[in-house]
Amino acid sequence: MANSKYEYVREFEENPTLLPNTFIVVRVDGRGFHKFANKHGFQKPNDRRALDLMNAAAEATMREISDISIAYGVSDEYSFVFDRATSLFDRRTSKILTTVVSTFTSYYVYHWPTFFSGEDQGLSPPLPSFDGRVVLYPSTKNIRDYLSWRQVDCHINNLYNTTFWTLVERGKLSNREAEERLKGTVSADKNEILFSQFGINYNNEPELFKKGSVLYRVVSESFPIHLIQRPDTISKTQAEKQRKLRQKATIQKEHVDIIQDAFWEANPYLLLDS
C-alpha cells in the first residue's frame with residue numbers, strides 16, 4: 001500500500017485474534033430461510049434436495065479450507081470445527097469468519113442448479129444468504145458437548161416437525177390445531193401419535209433426518225496421521241505441502257450418532273488435545 005497522508009485511517013482498524021490452543025467453531029445459519037424455503041417449495045418436514053445441497057456446500061468449503069477437520073450440519077445450519085493448532089490467517093477472527101461464511105454461501109449458490117433444476121426453481125432475489133458466528137472451546141469435552149447439543153437439537157426438532165406436518169398433511173389439522181395438539185407433549189407422546197394414528201415408526205425415518213450429517217477427513221496412506229498432528233512450528237514450504245495433501249484427502253459423509261463414544265473412538269485423530 002502506497003504511503004499517503006490518509007494512511008493514518010488504518011489505525012482505526014481492529015484485528016482481534018482468537019485464543020491459541022482452542023477449538024474454533026464457525027457456525028453458519030440461513031438468513032430468512034423460512035420465507036426462502038416457502039418460495040422454492042421445500043418439502044415439509046424435510047426436503048432431501050435442500051439437505052443434499054447443504055452437504056455439498058459444506059464439503060466444498062472443507063476442500064477450500066483445509067484446516068477444518070470436521071463439520072456437522074442440520075436443516076439450514078452447519079458447524080465447522082477447525083484443528084486446534086490452526087494458524088490460518090494468524091487466527092484473526094474476522095478473516096476466518098468471513099472466509100467460511102462467504103465460501104459456504106458461494107458454493108450453495110453454485111450447486112443450486114444441481115439439486116433444484118426445474119424451470120421454476122431458478123434463483124432470484126431475495127437470494128440465499130447466511131450469517132455466522134465464531135465460538136471457542138478449550139477442551140475436547142467442550143467441543144464434543146457442543147456437537148452433541150446440535151445433534152440433540154436435530155432430533156428434538158425433527159421429531160416435532162415430523163409429527164406436526166403429519167398431523168397437518170395426513171390428519172387434516174390446521175397449523176394452529178396441530179400446534180395445540182402437540183403443546184406439552186414429550187418425545188414418547190409424539191412417537192405414539194405417529195405410530196397409533198398414522199402407522200409411522202419414527203425409528204424407521206431416514207438417519208439423515210434424525211441425526212443430521214457429519215463430514216470429516218479420512219486417514220489413509222495418502223493422508224497419514226502426521227498431517228493432522230501438525231507441529232506448531234514448521235516451514236512455510238512444509239505447511240503448503242501439507243495443506244495441498246489435506247485438500248485432496250477423502251471427506252467422509254455419515255449420518256451417525258456423535259453423542260456416544262463409538263464414533264470418536266473410531267476416529268480419535270479428529271479432536272486431538274495437543
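Checked against (1) under 27 Å from Asp153 (Cα atoms); (2) surrounded by fewer than 14 Cβ atoms within 10 Å (Cβ to Cβ), Ser124 meets all criteria but (1).
The rows are residues; the columns are (1) within 15 Å of the chain's Cα centre (by Cα); (2) under 27 Å from Val256 (Cβ atoms).
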| site | (1), (2) |
| --- | --- |
| Gln121 | no, no |
| Phe130 | yes, yes |
| Val135 | yes, yes |
| Ser139 | no, yes |
| Ile143 | yes, yes |
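Inside the range 171-181, residues that are among the small types (Gly, Ala, Ser) and either within 23 Å of Val81 (Cα to Cα) or surrounded by 15 or more Cβ atoms within 10 Å (Cβ to Cβ) (or both) make up a count of 2. Taking each residue of the range 5-28 that is loosely packed, with under 10 Cβ neighbours inside 10 Å and looking for partners that are among the polar types (S, T, N, Q) with beta-carbon atoms closer than 7 Å, six or more apart or interchain, yields Pro16/Thr93.
Candidates Arg48, Arg92: the one that is surrounded by fewer than 20 Cβ atoms within 10 Å (Cβ to Cβ) and either aromatic (Phe, Trp, Tyr) or touching a strand residue (DSSP E or B) at 6+ places or on another chain (Cβ under 9 Å) (or both) is Arg92. Of the helices (runs of 4 or more DSSP H) that lie entirely inside the range 172-216, those containing 1 or more residues that are without any contact (Cβ under 8 Å) to a residue 24 or more places away in the chain and more than 29 Å from the chain's Cα centre (by Cα) span 175-182, 187-198. Mind checking whether some residue in the range 131-140 is surrounded by fewer than 16 Cβ atoms within 10 Å (Cβ to Cβ), of a type outside the set (D, E, K, R) and without any contact (Cβ under 8 Å) to a residue 12 or more places away in the chain? Checking the range 131-140: not a single residue is surrounded by fewer than 16 Cβ atoms within 10 Å (Cβ to Cβ), of a type outside the set (D, E, K, R) and without any contact (Cβ under 8 Å) to a residue 12 or more places away in the chain.
Residues checked against (1) of a type outside the set (Phe, Trp, Tyr); (2) under 30 Å from Glu64 (Cβ atoms):
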| site | (1), (2) |
| --- | --- |
| Tyr107 | no, yes |
| Leu123 | yes, yes |
| Pro138 | yes, yes |
| Asn142 | yes, yes |
| Leu147 | yes, yes |
| Tyr160 | no, no |
| Arg170 | yes, no |
| Gly184 | yes, no |
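Within 23 Å of Thr166 (Cβ to Cβ), part of a loop (DSSP other than H, G, I, E, B), out of contact with any Pro (no Cβ under 6 Å at 6 or more places or on another chain) and not hydrophobic (A, V, I, L, M, F, W, C), is that true of Lys5? Considered against the rule, which asks whether it is within 23 Å of Thr166 (Cβ to Cβ), part of a loop (DSSP other than H, G, I, E, B), out of contact with any Pro (no Cβ under 6 Å at 6 or more places or on another chain) and not hydrophobic (A, V, I, L, M, F, W, C), Lys5 comes out as no. For the structure I just gave you, tell me whether Val109 is among the aliphatic types (A, V, I, L, M) and touching a residue at least 40 places away in the same chain (Cβ under 8 Å). The answer is no for Val109.
The set of residues in the range 8-27 that are aromatic (Phe, Trp, Tyr) and either in a loop (DSSP other than H, G, I, E, B) or within 16 Å of Val100 (Cβ to Cβ) (or both) contains only Phe23. As for the range 46-58, it holds no residue that is under 25 Å from Phe263 (Cβ atoms) and without any contact (Cβ under 8 Å) to a residue 40 or more places away in the chain. When residues in the range 148-170 are screened for being in contact (Cβ under 8 Å) with a residue 60 or more places away in the chain, crowded, with 17+ Cβ neighbours inside 10 Å and within 22 Å of Val256 (Cα to Cα), 5 of them pass.
We did not get these values from a lab; they are worked out from the coordinates using the rules stated. Computed from a predicted structure; not experimentally measured. Cβ sites come from the backbone with ideal geometry, for glycine too, and all protein chains shown count toward neighbours.
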